[in-house]
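Everything below concerns the one structure shown next.
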Amino acid sequence: MKKLYSWNFISRIIFLLLTPVFFQIFAIGFIWHSIYWGVITSVMLIWMIFILISPLVGRIGCGWFCFMGTATDLSSEHSIIKMKWRKPKVWARLLMIIMFFSSAIAFNIINSHRGITHGFSIDPLFLKPDFNWHYASVWMIDIGSALILGLLLERRWACKNLCFMGALCSAGSSWSRLIPVVDINKCTSCGKCEKECLVRIPITDYIKKGNGLITNSECIICGKCTAVCKADAIKLKFVWRRKKYVAVK
Ligand code: SF4
Ligand code: SF4
Ligand code: SF4
């Protein structure tokens with residue numbers, strides 16, 4: 001379990017480095033362009049799968065795959081503004097989802113009227129060749145903004161407050177069966193897991209509740225909390241029946 005975070009780190013770095021080469025497969029921003037051009041691309045299919053499996057394994061797409069999240073993690077180690085944990089606002093997330101999809105669909109309709117597109121087709125590796133450089137610059141802007149936001153604000157602020165995909169995965173992740181679980185009898189309440197958590201989840205507040213389940217839909221299943229706990233008290237586990245865990249008083 002301790003090694004899980006090392007694997008997580010390797011995975012995030014690999015996908016970060018691969019994204020500029022396989023932009024059309026890995027970059028979530030390309031979903032907007034896919035709708036714009038009326039093409040179902042691999043990045044859309046991949047994230048559709050991540051959304052569908054989020055009630056089972058939580059936000060592994062955000063924690064193991066997304067280059068934007070990784071870029072934020074790298075700079076937020078040195079973030080200037082330390083903020084307290086705040087639950088993301090549902091209305092703000094809904095607004096981001098509506099803005100993202102309605103603008104892309106509006107352009108798709110305009111393109112259709114102009115005769116540039118005809119409905120939707122499936123082309124997993126779609127990328128307009130003459131747009132290669134355009135997408136490379138989009139990648140650089142994405143990386144730059146993620147690094148700046150990570151440096152300025154709390155960990156994964158953009159993931160919690162701006163990203164439409166974060167909102168969709170988080171909705172499914174509320175029911176996730178894979179969650180961090182604290183053995184209350186072993187825990188020394190040192191707070192190290194919370195301090196090191198990539199999302200700054202208030203783990204100690206959950207520990208105080210006493211049943212040891214860290215049921216926070218922002219958790220990205222990175223495993224860092226398990227790696228830093230000296231008491232070996234926190235583990236990622238599949239929990240099929242949450243009611244089985246009774247609070248220890
Ligand atoms: S919330 Fe969005 S930007 Fe953040 S890791 Fe998930 S998909 Fe990437
Ligand atoms: S790091 Fe381990 S011992 Fe410390 S608060 Fe977290 S779970 Fe408890
Ligand atoms: S609670 Fe643990 S697994 Fe979840 S995001 Fe925080 S460090 Fe990662």
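The values are calculated or read from the model by the stated rules, or taken from the named source; none is laboratory data. In this text, all values refer to a predicted model and were calculated from it rather than measured experimentally. Using ideal geometry, Cβ is built from the backbone for each residue, glycine included, and neighbour counts are taken over all protein chains shown.
Conditions (1) in a helix (DSSP H, G or I); (2) surrounded by 14 or more Cβ atoms within 10 Å (Cβ to Cβ), marked per residue:
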residue	(1), (2)
S103	yes, no
F107	yes, yes
P124	no, yes
L149	yes, yes
E154	no, yes
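Check region 126-138 and report whether any residue there is away from ligand 2 (no atom under 16 Å from the Cβ) and in contact with a Gly (Cβ under 8 Å, 6 or more places away or on another chain).
Of region 126-138, the ones away from ligand 2 (no atom under 16 Å from the Cβ) are 126-138.
Those still in the list that are in contact with a Gly (Cβ under 8 Å, 6 or more places away or on another chain) too: 138.
Within region 126-138, one or more residues are away from ligand 2 (no atom under 16 Å from the Cβ) and in contact with a Gly (Cβ under 8 Å, 6 or more places away or on another chain).
Tell me which residues, restricted to region 169-178, are out of contact with any strand residue (DSSP E or B) (no Cβ under 8 Å at 6 or more places or on another chain) and either farther than 15 Å from G63 by Cβ or β-branched (V, I, T) (or both). Can you show your working first?
So in region 169-178, the residues out of contact with any strand residue (DSSP E or B) (no Cβ under 8 Å at 6 or more places or on another chain) come out as 169-176.
Correct list: A171, S174, W175.
Does I13 qualify as being of a type in the set (V, I, T), touching a residue at least 12 places away in the same chain (Cβ under 8 Å), part of a loop (DSSP other than H, G, I, E, B) and in the same structural domain as L162 (by TED's automatic domain parsing)?
Numbers: of a type in the set (V, I, T): yes; touching a residue at least 12 places away in the same chain (Cβ under 8 Å): yes; part of a loop (DSSP other than H, G, I, E, B): no; in the same structural domain as L162 (by TED's automatic domain parsing): yes.
So I13 fails the test.
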| said: Looking only at region 209-228, count every residue that is part of a loop (DSSP other than H, G, I, E, B) and among the aliphatic types (A, V, I, L, M) and tell me the total. | reply: 3
| said: Given the criterion out of contact with any strand residue (DSSP E or B) (no Cβ under 7 Å at 6 or more places or on another chain) and closer than 30 Å to W240 by Cβ, identify the matching residue among V181, V138, V199. | reply: V199
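Taking into account only those residues within region 188-208 that are assigned to a loop (DSSP other than H, G, I, E, B) and more than 11 Å from ligand 3 (Cβ to nearest atom), which is nearest to F9 (Cα to Cα)? Don't jump to the end; show me each part of the working.
First pass over region 188-208, keeping only residues assigned to a loop (DSSP other than H, G, I, E, B): 188-191, 197-202.
Narrowing the set further to residues that are more than 11 Å from ligand 3 (Cβ to nearest atom) leaves 188-191.
Working: T188: 26, S189: 26, C190: 24, G191: 22 Å.
Step by step, filter region 188-208, then rank; the result is G191.
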| message | If I ask for residues that are of a type outside the set (A, V, I, L, M, F, W, C), without any contact (Cβ under 8 Å) to a residue 40 or more places away in the chain and either closer than 13 Å to N185 by Cβ or surrounded by fewer than 16 Cβ atoms within 10 Å (Cβ to Cβ) (or both), which ones from region 206-249 would you list? | response | K208, K209, G210, N211, G212, R241, R242, K243, K244, K249
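Results for (1) within 21 Å of the chain's Cα centre (by Cα); (2) more than 13 Å from ligand 2 (Cβ to nearest atom); (3) of a type in the set (S, T, N, Q), shown as yes or no for each residue.
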site: R155; (1), (2), (3): yes, yes, no
site: R177; (1), (2), (3): yes, yes, no
site: V181; (1), (2), (3): yes, no, no
site: D205; (1), (2), (3): no, no, no
site: C222; (1), (2), (3): yes, yes, no
site: T226; (1), (2), (3): yes, no, yes
site: K230; (1), (2), (3): no, no, no
site: F238; (1), (2), (3): yes, yes, no
site: K244; (1), (2), (3): no, yes, no
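Going by what's in this entry, would L198 be described as at pLDDT below 95 and closer than 20 Å to C62 by Cα?
Details: at pLDDT below 95: yes; closer than 20 Å to C62 by Cα: yes.
When the stated conditions are applied, L198 passes them.
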